[in-house]
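**Q** Provided herewith is a single structure, encoded as structure tokens, for subsequent inquiry.
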Amino acid sequence: MQRISIQQVQAFEQFYRLPQAFFKLDKYKKMKLESKTAYAILRHRFELSEKNGWVDKDGMIYFLYTVKELATILNCGEDKARSIKKDLNQHGLLEEERQGLNKPNRLYLGMVTVENELSTGSNPHEQRTPRKSGSRTRKYRVYL
């Protein structure tokens, strides 16, 4: 077995976070898988903008990410990247604001809205009922 060093973790094991709601809620299930992945990538850029204080006059966090950059990271063409941005916009997850003068558009990330679908038990695996143990000795039972 090869042990993992701190340098390896910092250099190679960085992850994008993908909301579970994209796979559980009906309103996001029809989204393209590429759009879901792009949202995770854009969310990472959004978090960097938050740390750097990129806030507009209304107090909203914005970030810059060109179509070309998105196409490069997703390994697709610019038309496909535009289509992905359009899909995110249609699902209320991305908004663009033109700046003009050859400046890149400001992007605003939309919030993934969960509403009540996850909390009402729409997923049978989320709510578990306790089972009775057939074991006589309770002191050795392990609770997970």
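**Q** Could you tell me the calculated FRET efficiency between Ala11 and Leu33, based on Cβ-Cβ distance and R0 = 35 angstrom, to the nearest 0.05? Don't skip to the answer; put the middle values down first.
**A** Numbers: r = 27 Å, r/R0 = 0.77.
The calculated FRET efficiency here is 0.85.
**Q** For segment 31-66, run through the trypsin sites (Lys or Arg not before Pro) and keep only the ones in DSSP coil with at most 10 other Cβ atoms within 10 Å of their Cβ. Before the final figure, lay out each step's value.
**A** Working: sites: Lys32, Lys36, Arg43, Arg45, Lys51, Lys57; in loops: Lys32, Lys57.
Loop-located and lightly packed - Lys57.
**Q** Tell me the label-point distance for the pair Arg98, Arg3, using the 7 Å Cα-to-Cβ offset, in nm and rounded to one decimal.
**A** 5.8 nm
**Q** Beyond a 30 Å Cα-Cα separation, which of these cross-linked pairs lie in this structure: Lys30/Lys57; Lys24/Lys57; Lys27/Lys80; Lys24/Lys80; Lys24/Lys103; Lys29/Lys57? Intermediate results must be reported in sequence, preceding the final value.
**A** Numbers: Lys30/Lys57 34 Å; Lys24/Lys57 35 Å; Lys27/Lys80 22 Å; Lys24/Lys80 25 Å; Lys24/Lys103 37 Å; Lys29/Lys57 34 Å.
As for pairs spanning more than 30 Å Cα to Cα, those are Lys30/Lys57; Lys24/Lys57; Lys24/Lys103; Lys29/Lys57.
**Q** Shape of segment 68-113 from its Cα gyration tensor (a ≥ b ≥ c, root eigenvalues): rounded if a/c is under 1.5, otherwise prolate when a/b > b/c, or oblate? Could you put the intermediate results ahead of the total?
**A** Working: a/c = 2.12, a/b = 1.07, b/c = 1.99.
Verdict is oblate for segment 68-113.
Any read-out appearing in this document is the output of simple, stated calculations on the displayed coordinates, not a laboratory observation. Being a predicted model, the structure only gives us computed values, none of them experimental. Quick reminder, even Gly has a Cβ in these numbers, built from the backbone with ideal geometry, and neighbours come from all protein chains shown.
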